[in-house]
Amino acid sequence: MSNRMWGGRFSESPDAIMEEINASIDFDRALASQDIAGSKAHAEMLAKAGIISTEDARKIIDGLDQIAAEIEEGRFTFSRNLEDIHMNVEARLAELIGDAAGRLHTARSRNDQVATDFRLWVRDALDDLDRQILALMNALVAKAAKHAGTVMPGFTHLQSAQPVTFGHHMLAYVEMFARDRSRFRDCRVRLNECPLGAAALAGTAFPIDRKMTAAALGFDRPAANSLDAVSDRDFAMEALSAASICAIHLSRFAEEIVIWSSAQFRFVKLSDKFTTGSSIMPQKRNPDAAELVRAKAGRIIGALNALMVVMKGLPLAYSKDMQEDKEQVFDALPSLSLSLAAMAGMVADLQPNEARLREAAGIGFSTATDLADWLVREAGLPFREAHHITGRIVAEAEALEVDLGEMPLEALRKVYPKLDATVFDVLSVDASVASRVSEGGTAPDNVRQRASEWQARLAQEEAAAAKGTPLSPEGSL
């Protein structure tokens with residue numbers, strides 16, 4: 001019996017195991033809307049080029065619209081016997097319009113068809129992610145503006161380092177996510193070439209108009225080389241690479257939320273919206289949303305690794321290995337989308353404990369650098385000597401079990417006799433953050449200015465998006 005899909009070359013049906021390993025409809029059904037859009041553009045081009053009749057093109061497009069409606073309404077039956085989304089759609093089209101359906105595949109292959117569908121799907125996902133990152137950045141900027149002067153400890157090695165402000169800390173993540181937006185947008189620019197018309201690998205002898213189909217599908221241009229067009233999955237790896245970096249940023253922030261909301265830190269509080277309880281310990285409020293965001297980074301990074309391993313040894317052009325390109329992407333980008341939504345919700349929800357943050361900001365001799373700077377400015381010492389003297393003063397404060405600002409002047413002069421009472425002006429956490437006026441520093445006025453700049457920039461971005469202005473690779477101020 002001839003195989004129903006591959007025609008006369010095969011005289012027997014596939015083994016059941018072959019069907020099981022070969023079928024992709026269980027996951028590539030996600031490409032249904034992109035597949036139909038590509039087929040409609042292809043049919044219109046074939047008709048305009050005189051390759052098929054206008055009547056057949058009309059029947060094909062009407063039939064594809066009906067299939068799209070059936071899928072949207074949940075009335076379409078996907079068959080594993082038909083292997084993939086392309087053959088499922090084509091088979092249903094034949095049931096609806098008869099022989100005209102067989103003309104749709106003229107001058108194309110499933111190789112350029114799936115490459116086009118996949119690019120369209122990833123492009124749609126990138127546009128959605130861009131909007132979500134913008135929403136998260138807006139939430140962070142709003143929190144930064146509100147807490148531009150809220151003092152908190154800054155850490156290195158998770159040890160008290162110098163006081164910063166909560167707003168400054170929020171803006172650090174704004175900068176990170178701005179770079180993520182830039183990477184995704186840059187990826188979109190390279191992605192936006194159309195493989196349709198490359199056919200199996202060599203192009204086609206039919207007089208097709210690839211520029212027409214590219215424009216109809218929103219691509220900037222046709223892909224330039226037919227071999228590369230059907231075998232390229234750089235766009236998917238690049239999207240996963242950008243997604244992995246973004247997920248790492250989300251995971252770092254999630255880790256801080258987990259730490260900050262613990263009973264030991266008490267820096268922030270999350271409401272019931274983003275926490276869960278314990279089945280046995282009634283006092284618990286667990287930051288599960290943050291923990292799951294942290295965990296999903298592993299899935300996303302794993303997806304990138306898996307796809308790179310699939311692609312690393314493949315000769316040109318298409319190999320069936322490349323069927324394994326989609327499940328990772330279909331899992332990773334929605335996982336990132338969910339993580340972004342959860343983080344935006346947590347940022348809006350979390351309430352800084354200002355009293356506790358201020359208390360913690362002064363712990364661990366966090367204004368020691370301010371003391372060293374004073375010795376440089378007021379006593380004219382080289383910084384290395386000032387650093388050494390400050391270290392001795394910290395040791396003395398530690399022995400007295402007091403903070404630097406609480407030390408008696410006599411104790412300070414015991415270490416360095418030229419110290420005077422004006423040194424106490426720089427030893428408070430407020431004075432410390434206020435003094436950090438260098439560009440990019442944590443001074444509250446700096447934070448307010450930067451937050452204001454970001455608010456204006458993001459408002460521009462939203463206005464441009466509402467007008468349908470094309471995305472640019474730029475992502476930061």
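The values are calculated or read from the model by the stated rules, or taken from the named source; none is laboratory data. Predicted, not measured: the structure shown is a model, and the values here were computed from it. Positions of Cβ are backbone-derived with ideal geometry, glycine not excepted, and every protein chain shown enters the neighbour counts. For the accessible areas, the whole protein counts, side chains as well, though only heavy atoms, and no ligand, DNA or RNA atoms are used. Shrake-Rupley method; radii C 1.70, N 1.55, O 1.52, S 1.80 Å.
Where a ≥ b ≥ c are the square roots of the eigenvalues of the C-alpha gyration tensor, would you call region 127-177 rounded, which needs a/c under 1.5, or, failing that, prolate if a/b is larger than b/c, or oblate?
oblate
Please report how far the C-alpha centroid of region 57-135 lies from that of region 311-329, rounded to the nearest whole angstrom.
That distance is 21 Å.
I want to check the label-to-label distance for LYS284 and ALA459. Put each point 7 Å from Cα in the C-beta direction and report it in nm to one decimal.
Label-label distance for LYS284 and ALA459, simple model: 4.5 nm.
How big is the accessible area of MET45 in square angstrom, nearest 10, if you roll a 1.4 angstrom probe over the protein chains?
0
With every protein chain kept in the model, how would you rank ILE133, ILE51, ILE21 by accessible area, 1.4 Å probe, largest at the top?
ILE21, ILE51, ILE133
Between LEU292 and ALA69, how many nm apart are label points set 7 Å from Cα along the C-beta direction?
3.7
For ILE67, ILE248, give the ranking by accessible area with the largest first, probe 1.4 Å. Each step should come with its number before you reach the end.
On the way: ILE67 0, ILE248 75 Å².
Sorted by accessible area, descending: ILE248, ILE67.
Divide the volume of the convex hull of the Cα atoms of the chain by its number of residues and quote the answer in cubic angstrom per residue.
Hull volume over Cα atoms, normalised by residue count, gives 199 Å³.
Work out how much length SER79 to ILE248 would gain on full extension: take 0.36 nm times their residue separation and subtract the Cα-Cα distance, in nm to one decimal.
Length gained between SER79 and ILE248: 57.0 nm.
Against the longest principal axis of the chain, how steep is helix 234-260, in degrees 0 to 90 to the nearest 10, with axes from Cα atoms?
30
Can you give the charge dipole size of the chain about its Cα centre, rounded to the nearest 20 debye, using +1 on the beta carbon of Lys and Arg and -1 on the beta carbon of Asp and Glu?
Charge dipole, the chain, about its Cα centre: 460 debye, nearest 20.
Roughly how compact is region 307-377, stated as its Cα Rg over 2.2 N^0.38 Å to two decimals?
2.29
Can you give the net charge of the other residues whose Cβ lies under 14 Å from the Cβ of THR165, counting K and R as +1 and D and E as -1?
My count for the surroundings of THR165 gives +3.
Around HIS42, under 10 Å between beta carbons, what's the net of Lys plus Arg minus Asp minus Glu among the other residues?
0
According to the square roots a ≥ b ≥ c of the eigenvalues of the Cα gyration tensor, what is the shape class of region 326-477, taking rounded for a/c under 1.5, prolate for a/b larger than b/c otherwise, and oblate for the remainder?
Details: a/c = 3.09, a/b = 2.38, b/c = 1.30.
Prolate shape, in that a/c is at least 1.5 and a/b is the bigger ratio.
Can you find, among ALA332, THR77, ALA142, the residue farthest towards the positive end of the dipole of the chain? Put +1 on the C-beta of Lys and Arg, -1 on that of Asp and Glu.
ALA142
Going toward the positive end of the dipole of the chain, with +1 on Lys and Arg Cβ and -1 on Asp and Glu Cβ, which of LEU400, ALA342, MET212 do you reach last?
So the residue furthest toward the plus end is LEU400.
Taking 0.36 nm per residue of separation and subtracting the Cα-Cα distance, what length does fully extending THR276 through GLN159 add? Show your work: numbers first, answer last.
Values: separation 117, 0.36 × 117 = 42.12 nm, distance 2.87 nm.
So the chain would gain 39.2 nm between THR276 and GLN159.
Do the alpha carbons of any pairs in LYS59/LYS326; LYS40/LYS467; LYS40/LYS296 sit beyond 29 Å of each other, and which pairs?
Going by Cα-Cα distance, LYS59/LYS326; LYS40/LYS296 fall outside the 29 Å limit.
Would you please name the GluC sites (Glu not before Pro) within region 349-407 that are DSSP coil residues with at most 12 other C-beta atoms within 10 Å of their C-beta? Display every interim value, and only then the final one.
Numbers: sites: GLU354, GLU359, GLU378, GLU385, GLU396, GLU398, GLU401, GLU406; in loops: GLU401.
Answer in residue order: GLU401.
Could you give each residue of region 172-183 its phi-based ³J(HN,Hα) in whole Hz, using Karplus coefficients 6.51, -1.76, 1.60 with θ = phi - 60°, and x for Gly or Pro?
4, 6, 4, 5, 4, 6, 5, 5, 4, 4, 4, 5
Choose one of VAL429, ALA386, VAL309: the residue whose Cα lies farthest towards the positive end of the charge dipole of the chain (beta-carbon charges +1 Lys, Arg; -1 Asp, Glu; about the Cα centre).
Value computed over the given set: ALA386.
Would you give the gap between the C-alpha center of region 364-382 and the C-alpha center of region 210-281, rounded to a whole Å?
Each part reduced to its Cα centre gives a spacing of 43 Å.
Largest first and in whole Å, give the semi-axes of region 226-303's equivalent ellipsoid, each being the square root of 5 times a Cα gyration tensor eigenvalue.
For region 226-303, the semi-axes come out at 38, 12, 8 Å.
Would you mind calculating the gained length between GLU55 and ASP321 on full extension (0.36 nm times residue separation, minus the Cα-Cα distance), in nm to one decimal?
91.9 nm
What are the lysines whose alpha-carbon lies under 21 Å from the alpha-carbon of LYS269, with same-chain residues fewer than 8 places away excluded?
Straight-line reach from LYS269, under 21 Å: LYS143, LYS146, LYS284.
Working with all protein chains in place, sort HIS105, HIS42, HIS388 by solvent-accessible area computed with a 1.4 Å probe, largest first.
Putting HIS105, HIS42, HIS388 in descending order of accessible area: HIS388, HIS105, HIS42.
Can you compute the charge dipole magnitude of region 171-250 about its Cα centre, using +1 on each Lys and Arg Cβ and -1 on each Asp and Glu Cβ, nothing else charged? Give it in debye, rounded to the nearest 20.
Using only the charged Cβ atoms, the result is roughly 140 debye.
Can you give the calculated 222 nm mean residue ellipticity of the chain, where each DSSP H run of n ≥ 4 adds -39,500 (n - 2.57) and the sum is split over every residue, rounded to the nearest 500 deg cm²/dmol?
The helix-only estimate for the chain comes to -20000 deg cm²/dmol at 222 nm.
Can you give me the C-alpha center-to-center distance between region 145-171 and region 419-440, rounded to a whole angstrom?
Between the Cα centre of region 145-171 and that of region 419-440, the gap is 15 Å.
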